[in-house]
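The values are calculated or read from the model by the stated rules, or taken from the named source; none is laboratory data. Here the structure is a predicted model, which is why all the values come from computation and not from measurement. Methodologically, a virtual Cβ is constructed for each residue, glycine included, from the backbone with ideal geometry; neighbour enumeration extends over all protein chains shown.
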Amino acid sequence: MGQMIEGRWDCSSCGKKMIQGRYKHCPGCGKGRGADVKFYVADPNDVVAADVPEKGPDWLCEYCGAYAPDSAKFCTNCGAQRGDKTYFDVQQEQEEKAAQEAASHPERTSEPVRRRSPILPLILLAALAAFIIFQLIPRNADARVTAKSWMRQVAVESYVWVDDSGWALPQGAVLTESRREIRDYERVLDHYETRSRQVPEQYISGYSTEYQDMGNGYFQSVQIPQYATRYRTEYYDEAVYRNEPIYDTRYYYQIQRWIYNRTLTASGEESNPYWPEETLQADTERAGERDEQYAIQCEAEKNTYTIRLPLMEWQTYNVGDKVNLELSSGGTVRRVSHAE
Ligand SMILES: [Zn+2]
Ligand SMILES: [Zn+2]
């Protein structure tokens with residue numbers, strides 16, 4: 001329990017200030033304490049040595065508007081029956097009334113937020129849109145086929161002995177050598193290391209004193225603990241790992257494989273392409289990947305365009321044909337078609 005402090009109050013009738021809480025009537029004008037009284041602590045040293053006369057709050061007489069002590073069953077001013085409105089009820093009513101008044105008269109200090117002009121971003125957006133549209137719009141150009149070309153290629157593979165190695169010996173391989181080698185690593189717990197970290201904790205750094213209004217001219221002092229943060233060093237063990245090698249047998253061997261050897265090429269400008277031919281050595285050579293390319297060359301607006309086409313489409317064009325080119329804004333051919 002804290003100490004008892006004698007509070008003070010001001011007289012609304014004659015304006016006298018700092019009247020001690022023990023006085024139920026103003027020593028200046030004699031007016032009793034009423035609803036407009038609010039107690040306050042003027043000096044924390046106003047400690048009451050003896051026990052305070054009342055523990056509970058004063059109550060307000062509905063007939064004469066004066067406060068009467070908690071212990072009184074009848075108004076000490078007019079003798080009327082006790083009402084049930086205490087000093088605290090009156091204080092709460094007055095606070096609510098003040099809050100309502102503040103809400104109905106909001107302060108007009110907030111200025112309207114100055115907005116950025118929306119015109120500049122709009123211009124940039126429009127410019128970007130125009131650029132994209134410009135990029136997408138193709139233009140057409142009249143052209144003439146000036147050349148045709150084709151190329152066909154076949155890769156030749158040879159069945160040869162090659163060196164290789166692995167963790168198993170394949171069928172048909174001729175072993176040269178085998179030895180123990182590191183195949184993988186395993187993470188193994190090696191030891192623990194003690195490390196430290198800072199852990200925050202709350203502690204009471206002191207106390208502040210608050211004065212609780214008892215509603216009868218007196219206050220009770222209460223010690224409120226003040227919290228602060230401090231750090232303490234905490235130790236813990238952290239696992240440290242190492243990589244342990246795993247050994248296995250590695251085989252070094254020679255084995256026969258199909259390996260790329262050379263490329264056969266045929267090319268021309270005529271309209272009947274064919275695959276290159278060469279006699280392959282039986283058992284040790286074979287044909288591998290094939291590749292084919294067909295292109296036409298067109299001239300338009302003093303520019304020459306080389307356009308690659310699939311075989312079927314390529315065959316429909318002849319040197320001297322009039323064609324229509326769909327060009328992107330960058331100048332690349334997007335489409336070619338026969339002129340109407
Ligand atoms: Zn007075
Ligand atoms: Zn009364």
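Brief remarks on what is shown
- Qualifying residue in segment 229-241 (condition: closer than 30 Å to ARG180 by Cβ and among the basic types (Lys, Arg)): no
- Contacts under 8 angstrom Cβ, first residue in segment 78-92 being on the phi < 0 side of the Ramachandran plot, partner away from ligand 1 (no atom under 16 Å from the Cβ) and among the aliphatic types (A, V, I, L, M), 6 or more apart: ARG82/ALA68; ARG82/ALA72; GLY83/LEU60; LYS85/LEU60; THR86/LEU60; TYR87/LEU60; ASP89/LEU60; VAL90/LEU60
- Any chance TYR63 is within 16 Å of ligand 2 (Cβ to nearest atom) and of a type in the set (Phe, Trp, Tyr): yes
- Of the residues making up segment 80-91, those that are surrounded by 11 or more Cβ atoms within 10 Å (Cβ to Cβ) and not aromatic (Phe, Trp, Tyr) are ALA80, ARG82, GLY83, LYS85, THR86, ASP89, VAL90, GLN91.
- Condition met for THR249 (polar (S, T, N, Q) and closer than 30 Å to GLN297 by Cα): no
- Answer residue from segment 131-153, given it is loosely packed, with under 15 Cβ neighbours inside 10 Å and of a type in the set (A, V, I, L, M) and is modelled with the highest pLDDT among those: ALA147
- Residue count for segment 262-317, restricted to those that are without any contact (Cβ under 8 Å) to a residue 24 or more places away in the chain, among the charged types (D, E, K, R) and closer than 19 Å to SER158 by Cβ: 1.
- Within segment 1-30, being basic (Lys, Arg) and within 16 Å of ligand 2 (Cβ to nearest atom) holds for one residue alone: LYS24.
- For the condition assigned to a strand (DSSP E or B), among the aliphatic types (A, V, I, L, M) and surrounded by 10 or more Cβ atoms within 10 Å (Cβ to Cβ), VAL156 qualifies.
- Checking each residue in segment 223-261 for being among the β-branched types (Val, Ile, Thr) and touching a residue at least 40 places away in the same chain (Cβ under 8 Å) picks out VAL240, ILE246, THR249, ILE255, ILE259.
- Residues (part of a loop (DSSP other than H, G, I, E, B), under 26 Å from SER221 (Cα atoms), within 16 Å of ligand 1 (Cβ to nearest atom) and not hydrophobic (A, V, I, L, M, F, W, C)) located in segment 20-75: GLY21, ARG22, TYR23, LYS24, ARG33, ASP36, LYS38
- Count of residues meeting criterion [free of Cβ contacts under 8 Å to residues at least 40 places away in the same chain and surrounded by 10 or more Cβ atoms within 10 Å (Cβ to Cβ)] in segment 164-196: 0
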